[in-house]
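These notes concern the structure reproduced below.
Nothing in this text is a laboratory measurement; each read-out follows from the coordinates by a stated rule. Just so it is clear, the structure is predicted and the values come from calculations on it, not from any experiment. Cβ coordinates were reconstructed from backbone atoms using ideal geometry, including for glycine residues, and neighbour counts include every protein chain displayed.
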Amino acid sequence: MSQEVDLTKVERKAYLAYHQDGIYDLLVGLCFLSAALGVVSEVIAAGAIAPVLAILVAPALKKAVTLPRLGYVKFSPQREQKERMNMTYLVALLSVTALLGMVVFSAYSGDAAWQLWIRNLGIIPFGFVLAVVAFALGLLYDIRRCYLYAVVIIATFIVGHVLELRLWFQFAVPGLVILVVGLVLFIRLITRYPKVPAGEIHEA
Amino acid sequence: MKPEDKAQRDGQAAAGIDRIIHEPARLLILTHLYVVTEADFVFLERQTGLTRGNLSSHLSRLEEGGYVTVAKKFVERVPRTVLRLTDNGREAFSAYRDTIRAVLSTKGKQG
């Protein structure tokens, strides 16, 4: 052996394998697209229902698609503690995001200088918040493609505002990008790792 | 230190290498089990890239050596073979890493 076994890399690779199935990407992409559809059709519920459905469906999909293909693993207590911390950070971030959302929303109920300034930014603050969430997910869970999503989201929202494009555009473009990436990952998982038949008992 | 003393020391370090662990496929299996609490057969198959037969035979060897425990259970009526490093296995793997480090550091200095 010419080099020491890098245990951190092995653990990271095993952990990340479970985030390379594209399921969350597909669902998030669909959420963006349903938001675009909601804007076009002026049925706000279309955009609001999708995230709720995604949250309900995601664990079942993971269980039905990913687990039989990648196998079962219980990570180390250190990893589990890190996961709990990440979840805490994420909840804190989403709380701050909700607070910021309320601030942005309140900008439409007065004519103070800061309210006018926010109003002039159009929907960019909303895109900024979404990009921050994507960036934080990349940072916390070590999923690098989330950085790409953050860049695409903020760039699309800025371009859409500057060029005065229709609102659905700002949701449809990131939605398509995320959906396509998710689809590629999903197809790769399905083709590379065929499902192990449920009745097959492995003798060791 | 005389060259013959150094060679003897290197030989002793190399002699301390655990032969069961010092096999690429088994080392790969133990490395993956070392970084997790437990995993099933499919997980190891995917992560190590070993064939089922190969993985199965190496796991048997590790189980015989007392490094790994194999538990077969049913989760929601689906069979699952759960593998876990024993305390002995964990200690042996740590000792193996130390031994390899020692061997490589002493041999490396000879250029």
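Does residue B:90 count as more than 10 Å from every other protein chain (Cβ to nearest Cβ) and not in a helix (DSSP H, G or I)? Please lay out each step first, then the result.
Working: more than 10 Å from every other protein chain (Cβ to nearest Cβ): yes; not in a helix (DSSP H, G or I): no.
No: the conditions fail for residue B:90.
Scanning the stretch A:31-85 for residues that are within 14 Å of chain B (Cβ to nearest Cβ), assigned to a helix (DSSP H, G or I) and crowded, with 19+ Cβ neighbours inside 10 Å yields a total of 3.
Would you mind finding the one in A:190, A:123 that is within 14 Å of chain B (Cβ to nearest Cβ), surrounded by fewer than 17 Cβ atoms within 10 Å (Cβ to Cβ), out of contact with any strand residue (DSSP E or B) (no Cβ under 7 Å at 6 or more places or on another chain) and not hydroxyl-bearing (Ser, Thr, Tyr)? Can you show your working first?
Numbers: A:123 fails: within 14 Å of chain B (Cβ to nearest Cβ).
That would be A:190, the only listed residue that is within 14 Å of chain B (Cβ to nearest Cβ), surrounded by fewer than 17 Cβ atoms within 10 Å (Cβ to Cβ), out of contact with any strand residue (DSSP E or B) (no Cβ under 7 Å at 6 or more places or on another chain) and not hydroxyl-bearing (Ser, Thr, Tyr).
Of the residues examined, residue A:10 is one that is surrounded by 12 or more Cβ atoms within 10 Å (Cβ to Cβ), without any contact (Cβ under 8 Å) to a residue 60 or more places away in the chain, part of a helix (DSSP H, G or I) and within 14 Å of another protein chain (Cβ to nearest Cβ).
Taking the criterion of being crowded, with 17+ Cβ neighbours inside 10 Å, assigned to a strand (DSSP E or B) and not charged (D, E, K, R), the residues of the stretch B:24-69 that qualify are B:36, B:39, B:68.
Kindly indicate whether any position in the stretch A:143-154 is in a loop (DSSP other than H, G, I, E, B) and closer than 22 Å to residue A:40 by Cα. No: zero hits. The criterion of being closer than 30 Å to residue A:9 by Cα, aromatic (Phe, Trp, Tyr) and in contact (Cβ under 8 Å) with a residue 60 or more places away in the chain does not hold for residue A:147. Checking the structure you have, find out if any residue of the stretch A:109-120 is touching a helix residue (DSSP H, G or I) at 6+ places or on another chain (Cβ under 7 Å) and within 26 Å of residue A:178 (Cα to Cα). Checked the stretch A:109-120: no residue is touching a helix residue (DSSP H, G or I) at 6+ places or on another chain (Cβ under 7 Å) and within 26 Å of residue A:178 (Cα to Cα).
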